[in-house]
Amino acid sequence: MCGIAGAITNKPIDQYFINNTISRLNHRGPDAFGKSIFTNYAGDYITFVHTRLSILDLDERSNQPMRYKNIELIFNGEIYNYLELRQKLSNEFIFKTDSDTEVLLMLLYKKGLDGLKDCEGMFSLAFFDHSKGTLYLARDKFGEKPLYYYRDTNGQLFFGSEPKSIFALSGVKPHIDINHLRRFLVNGYKSLYKKKETFFKNIDEIPPGSCIELSPQLGFKNYQWNKFIEYSPNNEMSYQEAVDGTRERLVNAMKIRLRSDVPIAFCLSGGIDSNALIGIAKNLLNYDVHGFTIMNKDSRYEEKDMVEYAVKKQNLKHTPILVEKNNFLENLSSLVEAHDSPISTISYYAHSLLMKAISKNGYKVSMSGTGADEIFSGYYDHHLAYLSEINFVDKDLYNSSLENWISTIKPIVRNPYLKDHEYFIKNPMSRKHIYLDCDLYNGYLTYPFFEEFEEKFYSNFLLRNRMANELFHESVPVILHEDDLNSMLYSVENRSPFLDSKLYEWSLTIPTKFLIKNSLAKSILRDASKDFAPNKIMQNPRKVGFNVPIDDYLDFEDKKVLDELSKDSVINEIVNFDKIKSLFKSKKRSNEESKFLFNYLSVRYFMECFS
């Protein structure tokens, strides 16, 4: 796990800019740094910069850049199946390290970009083929590791793990994309990856499973190197076969993600996902689990009882992180600057404190449950999409499922649209529940922003299409963005076992009718985990989500806080500050107003930092 940056330019990059880039990426890789500068046959200069967080083979022999014959590589991430790949390559190559970097290098030498299809891992990488004069930039299948790039008017290209590395290496000043900020303020985090824009003009992010190829002969090419299979249910599959197949692949996904030469910490909540992973690690793979949890006082999001039950039931070492109001605004401002972007939700302010605690306790790797909801169906609107689908194919199943939904799920749903069990039956294309409060949020802007909700087509099946959009465009890209930046800020690598290609491809063969059972979403995952995770948690219908209300962090009755919030700010160009001030003083802020207030603060500090 590391930080990478580089460029292809028409003249050498000044050493000052290279040193500044290394400094700006030091948090991603404090253990070692390296650089490589060379030219192609057209006389262009290629610069590679790397900062290393040592996870596998801690010896300096595994530092990067790493070269074998005509292939030179820098990469950020982990190739989890590197031992299996190394075994296959051992008849052709002599390995000098025990690292996954060298395995990847040999694979690229043998197969070129096609070698990435053999990799189970998370990565962003750059490699240069000296024999062809071609630079390749690529990103993993799910987009777990970030990679940004910038092309100037002279055709030069700069790239890096974070925008700050591009600004440092190129010397270009950041220019904020105001339209993208307004999109975020009005439509929320689920709108951020609907378009190609980022928060900076002319800074693009390589999409998941994609590659850039740049050579003097062929110029600039941008294309997908990976395409996932479509939902193709095996209608002969039994429910138990679905459970058994899921368990087998999930256990293997965890097994290869426990490969590390340093200890691994676990993010622990009172929910299904983290407890399933911990159950596998602790009870099947005999890993000494240390769980970390953010605790808060709001009854809507509190999971203390379930967390304590999980800790006791599984005999876990546990570190709770208590919510505090100290220095919230100062910390938020620093976090926004570190992220080069607004923080998408207050949950990820809390998550940053979790990563800080994990690092403080000596860990360099964490494990989280990202992706389970989108792969096995975990959101409240999934219930309604499920009801809509089975309504037309199995009336008996529909009637029993509806009865279970009314008694178990409806009482705990807050979104008004999702309280109607016929929401998708009446209109399968309705998505009003997603940009729920856009009209309210528009009222705080000086100039309204309107953008229709868009959804890409992946499947004719409503639920499966929603899940794919959440996985590739709405939820998971934002979560991965925040996971990476929060963890790497504290030099911690975050791993997501549910984002395993074999597990995901298997999930696409499971008939949709199995995804929800007796009103319980993620029924396949629940039953696949019940033998090694606490059954009380596996059968809990309540979905809490990782959240902390803003009032738990910020005392709006504190005069110093109000004075700070009342200062003039560049954000007043796009928001009506008089209306915003009313939120500061409100004694009865709604949940929607609290969310907007956090987003406002996040955007405010972003604009103040980068304007």
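The values are calculated or read from the model by the stated rules, or taken from the named source; none is laboratory data. These numbers come from a predicted model, not from an experiment. Heads up, the Cβs are rebuilt from the backbone with ideal geometry, glycines too, and the neighbour counts pull from every protein chain shown.
A few notes on this one:
- In the stretch 540-561, the count of residues that are of a type in the set (Phe, Trp, Tyr), touching a residue at least 12 places away in the same chain (Cβ under 8 Å), surrounded by 16 or more Cβ atoms within 10 Å (Cβ to Cβ) and in contact with a Ser or Thr (Cβ under 7 Å, 6 or more places away or on another chain) is one or more.
- Residue within the stretch 190-207 that is assigned to a helix (DSSP H, G or I) and either in contact with a helix residue (DSSP H, G or I) (Cβ under 6 Å, 6 or more places away or on another chain) or buried (at least 18 other Cβ atoms within 10 Å of the Cβ) (or both) present: yes
- Pairs with Cβ under 8 Å, 6+ apart, first in the stretch 17-30 and more than 10 Å from Met488 (Cα to Cα), second in a helix (DSSP H, G or I) and polar (S, T, N, Q): Phe17/Ser170; Thr21/Ser165; Arg24/Ser165
- Only one of the listed residues (Ile524, Ile571, Ile479) is over 24 Å from the mean Cα position of the chain (by Cα), of a type in the set (A, V, I, L, M) and buried (at least 19 other Cβ atoms within 10 Å of the Cβ). That residue is Ile571.
- Sole residue being closer than 18 Å to Ser334 by Cβ, of a type in the set (Ser, Thr, Tyr) and modelled with pLDDT under 95, chosen from Ser611, Ser586, Ser582: Ser611
- Test for Glu213: is it in contact (Cβ under 8 Å) with a residue 12 or more places away in the chain, acidic (Asp, Glu), within 26 Å of Phe128 (Cβ to Cβ) and surrounded by 12 or more Cβ atoms within 10 Å (Cβ to Cβ): yes
- Any hit, the stretch 73-89, residues being in contact with a Pro (Cβ under 6 Å, 6 or more places away or on another chain), closer than 22 Å to Leu25 by Cβ and modelled with pLDDT of 95 or more: yes
- When we screen Leu116, Leu137, Leu181 for residues that are among the hydrophobic types (A, V, I, L, M, F, W, C), in contact with a Leu (Cβ under 7 Å, 6 or more places away or on another chain) and surrounded by 18 or more Cβ atoms within 10 Å (Cβ to Cβ), the only hit is Leu137.
- Selection status of Ser501, buried (at least 23 other Cβ atoms within 10 Å of the Cβ), small (Gly, Ala, Ser) and at pLDDT 95 or above: no
- Selection count where residues are in a helix (DSSP H, G or I) and among the aromatic types (Phe, Trp, Tyr), scope the stretch 456-479: 1
- The stretch 389-413: number of residues that are without any contact (Cβ under 8 Å) to a residue 12 or more places away in the chain, over 19 Å from Lys426 (Cα atoms) and surrounded by 12 or more Cβ atoms within 10 Å (Cβ to Cβ): 1
- Search result, residues across the stretch 336-372 that are closer than 29 Å to Tyr458 by Cα and touching a His at 6+ places or on another chain (Cβ under 8 Å): Ser344
- Residue within the stretch 132-139 that is hydroxyl-bearing (Ser, Thr, Tyr) and over 26 Å from Lys502 (Cα atoms) present: yes
- Verdict on Arg526 being closer than 17 Å to Tyr380 by Cα and of a type in the set (D, E, K, R): yes
- When Gln87 is tested against (1) assigned to a loop (DSSP other than H, G, I, E, B); (2) more than 29 Å from the chain's Cα centre (by Cα); (3) not basic (Lys, Arg), exactly one condition is not met: (1).
- Matching residues, the stretch 1-57, being surrounded by 18 or more Cβ atoms within 10 Å (Cβ to Cβ), among the small types (Gly, Ala, Ser) and over 16 Å from Tyr148 (Cα atoms): Gly29, Gly34, Ser36, Ser54
- Given (1) of a type outside the set (Phe, Trp, Tyr); (2) at pLDDT 95 or above; (3) buried (at least 18 other Cβ atoms within 10 Å of the Cβ), index of the condition Asn70 fails: (3)
- Checked against the criterion of being touching a residue at least 60 places away in the same chain (Cβ under 8 Å), in contact with a Cys (Cβ under 9 Å, 6 or more places away or on another chain) and within 27 Å of Thr97 (Cα to Cα), the stretch 35-50 has no qualifying residue.
- Residues within the stretch 99-123 that are of a type in the set (Asp, Glu) and either under 23 Å from Met488 (Cβ atoms) or in contact with a strand residue (DSSP E or B) (Cβ under 6 Å, 6 or more places away or on another chain) (or both), tallied: 3
- When Ile409, Ile434 are checked against the criterion of being of a type in the set (Val, Ile, Thr) and either assigned to a loop (DSSP other than H, G, I, E, B) or within 28 Å of Leu354 (Cβ to Cβ) (or both), Ile434 stands alone in meeting it.
- Hey, Glu389 at pLDDT below 95, more than 24 Å from Phe199 (Cβ to Cβ) and assigned to a loop (DSSP other than H, G, I, E, B) or not: no
- Among the residues making up the stretch 507-538, those that are assigned to a helix (DSSP H, G or I) and within 26 Å of Ser388 (Cα to Cα) are Ser507, Thr512, Lys513, Phe514, Ser523, Ile524, Leu525, Arg526, Asp527, Ala528, Met538.
- Restricting attention to the stretch 325-337 and to residues that are touching a residue at least 60 places away in the same chain (Cβ under 8 Å) and over 23 Å from the mean Cα position of the chain (by Cα), the residue that is farthest from Val548 (Cα to Cα) turns out to be Leu329.
- Taking helices (runs of 4 or more DSSP H) as the structural unit, those lying wholly within the stretch 553-611 and holding at least 2 residues that are in contact with a Pro (Cβ under 8 Å, 6 or more places away or on another chain) and among the aromatic types (Phe, Trp, Tyr) correspond to 591-610.
- Strands (runs of 3 or more DSSP E) enclosed by the stretch 4-84 - at least 1 residues per element that are over 21 Å from Leu116 (Cα atoms): 32-39, 45-52
- Every residue from the stretch 91-144 that is within 26 Å of the chain's Cα centre (by Cα), part of a helix (DSSP H, G or I) and farther than 19 Å from Pro65 by Cα: Asp114, Lys117, Asp118
- Test: residue in the stretch 69-81 that is free of Cβ contacts under 8 Å to residues at least 24 places away in the same chain and under 17 Å from Lys164 (Cα atoms): no
- Residue count for the stretch 477-534, restricted to those that are among the β-branched types (Val, Ile, Thr) and more than 26 Å from Ser341 (Cβ to Cβ): 5.
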